[in-house]
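A.B. asks: Please find one structure pasted underneath; my questions will follow.
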Amino acid sequence: MSLRIVVCVKYVPDATGDRKFADDLTVDREDVDGLLSELDEYAVEQALQIAEEADDAEVTVLTVGPEDARDALRKALSMGADKAVHVDDEDIHGSDVMATSLVLAKAIEKVGYDLVISGMASTDGTMGVLPAILAERLGVPQVTLLSEVKVEGGTVTGRRDGDTASEQLEASLPAVVSVTDQSGEARYPSFKGIMAAKKKPVEELELDDLDIDADEVGLAGSWTAVDSADERPARTAGTIVKDEGEGGKQLAEYLASQKFI
Ligand SMILES: Cc1cc2nc3c(=O)[nH]c(=O)nc-3n(C[C@H](O)[C@H](O)[C@H](O)COP(=O)(O)OP(=O)(O)OC[C@H]3O[C@@H](n4cnc5c(N)ncnc54)[C@H](O)[C@@H]3O)c2cc1C
């Protein structure tokens with residue numbers, strides 16, 4: 001039977017651009033360029049490698065995000081994923097990690113899965129908790145922060161590198177894993193891959209398709225909310241110490257006054 005791999009990929013605002021809050025204090029995702037979160041490229045890469053090793057496997061990439069999030073799916077498809085699922089519904093706007101994980105869990109159950117792979121963290125929210133919450137919602141084991149991952153038979157194994165030790169972990173499928181940026185360089189889409197991606201199926205789902213009520217997601221269904229946000233003050237010119245014989249002393253006094261030394 002085919003090994004069904006679902007990869008969670010997030011469309012994130014480009015970190016090199018200006019990022020702002022919208023009037024309702026959610027992240028402004030309308031007026032900024034976005035892209036497939038770089039950390040999720042590692043998840044796509046590991047899924048493709050596992051699929052290449054398996055006799056028969058199918059890789060589905062899944063995102064919860066606005067219309068433009070299709071770009072993230074196209075990139076993953078051009079890397080080699082087989083098909084994509086896009087959950088887009090205006091009621092999702094403002095969903096925190098609890099609400100987002102609910103939508104992802106329901107979509108994963110609908111698609112069907114043996115293995116879910118995610119990145120270690122998104123490059124915008126950077127909570128790094130979604131895979132664990134997802135596993136809990138799905139009621140399956142989680143093996144997170146792997147820098148090496150393999151699937152053999154009905155088992156996923158992997159290595160988690162810590163500061164003082166490396167752990168070898170395993171879980172029976174179905175399971176959720178997350179992979180780190182040490183798991184292996186993600187491949188670049190080839191020209192052939194980019195052309196092939198245009199013909200691959202992208203399924204569009206809304207909340208109704210997942211039996212989720214509008215009040216379970218969005219700002220209403222979230223456990224957290226941003227109360228206030230202030231723009232970071234513009235950089236000031238800083239303090240310049242001119243060395244006219246006393247420069248070292250003045251520098252030390254400045255560092256001491258700022259409690260750096
Ligand atoms: C349109 C939109 C509006 C949002 N509004 C808010 C808001 O107002 N307040 C708020 O707190 N949050 C909001 N979110 C949700 C938030 O951006 C995160 O998706 C969610 O909180 C998870 O947190 P994280 O990204 O830090 O997850 P992490 O735990 O850092 O992510 C780990 C991994 O989970 C997967 N993942 C995370 N998010 C997604 C996703 N959306 N689709 C597919 N895979 C994913 C990726 O593989 C990622 O590498 C919004 C999201 C979207 C798409």
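The values are calculated or read from the model by the stated rules, or taken from the named source; none is laboratory data. These numbers come from a predicted model, not from an experiment. Heads up, the Cβs are rebuilt from the backbone with ideal geometry, glycines too, and the neighbour counts pull from every protein chain shown.
A.B. asks: Restricting attention to the range 100-145, report how many residues are at pLDDT 95 or above and either hydrophobic (A, V, I, L, M, F, W, C) or in contact with a Leu (Cβ under 6 Å, 6 or more places away or on another chain) (or both).
C.D. replies: Residues in the range 100-145 being at pLDDT 95 or above and either hydrophobic (A, V, I, L, M, F, W, C) or in contact with a Leu (Cβ under 6 Å, 6 or more places away or on another chain) (or both): 26 in total.
A.B. asks: If I go through the range 114-127 residue by residue, how many of them are crowded, with 17+ Cβ neighbours inside 10 Å and farther than 10 Å from Val176 by Cα?
C.D. replies: Residues of the range 114-127 that are crowded, with 17+ Cβ neighbours inside 10 Å, as a first pass: 114-124.
From what is left, the residues that are farther than 10 Å from Val176 by Cα are 119-124.
Final tally of qualifying residues: 6.
A.B. asks: Further, regarding this structure: Can you name the condition, by its number, that Asp23 falls short on among (1) within 13 Å of the ligand (Cβ to nearest atom); (2) within 21 Å of Thr144 (Cβ to Cβ); (3) out of contact with any helix residue (DSSP H, G or I) (no Cβ under 7 Å at 6 or more places or on another chain)?
C.D. replies: (2)
A.B. asks: While we're here: Quick check on the range 209-230: of everything there that is among the acidic types (Asp, Glu) and either in contact (Cβ under 8 Å) with a residue 60 or more places away in the chain or within 16 Å of the ligand (Cβ to nearest atom) (or both), which residue is farthest from Val85 (Cα to Cα)?
C.D. replies: Looking at the filtered set, the residue picked out is Asp227.
A.B. asks: Kindly establish whether Ser101 is within 24 Å of Arg19 (Cβ to Cβ), without any contact (Cβ under 8 Å) to a residue 60 or more places away in the chain and either charged (D, E, K, R) or within 10 Å of the ligand (Cβ to nearest atom) (or both).
C.D. replies: In short, yes.
A.B. asks: Further question: Do we find that Asp89 is within 14 Å of the ligand (Cβ to nearest atom) and closer than 20 Å to Val156 by Cα in this structure?
C.D. replies: Spelling it out, it is not the case that Asp89 is within 14 Å of the ligand (Cβ to nearest atom) and closer than 20 Å to Val156 by Cα.
A.B. asks: Is it the case that some residue within the range 12-19 is within 10 Å of the ligand (Cβ to nearest atom) and under 24 Å from Asp181 (Cα atoms)?
C.D. replies: The answer is yes; a qualifying residue exists.
A.B. asks: For the list (1) in contact (Cβ under 8 Å) with a residue 12 or more places away in the chain; (2) surrounded by fewer than 21 Cβ atoms within 10 Å (Cβ to Cβ); (3) out of contact with any Leu (no Cβ under 7 Å at 6 or more places or on another chain), I need the number of the one condition that Ala43 fails.
C.D. replies: Among (1) in contact (Cβ under 8 Å) with a residue 12 or more places away in the chain; (2) surrounded by fewer than 21 Cβ atoms within 10 Å (Cβ to Cβ); (3) out of contact with any Leu (no Cβ under 7 Å at 6 or more places or on another chain), Ala43 violates only (2).
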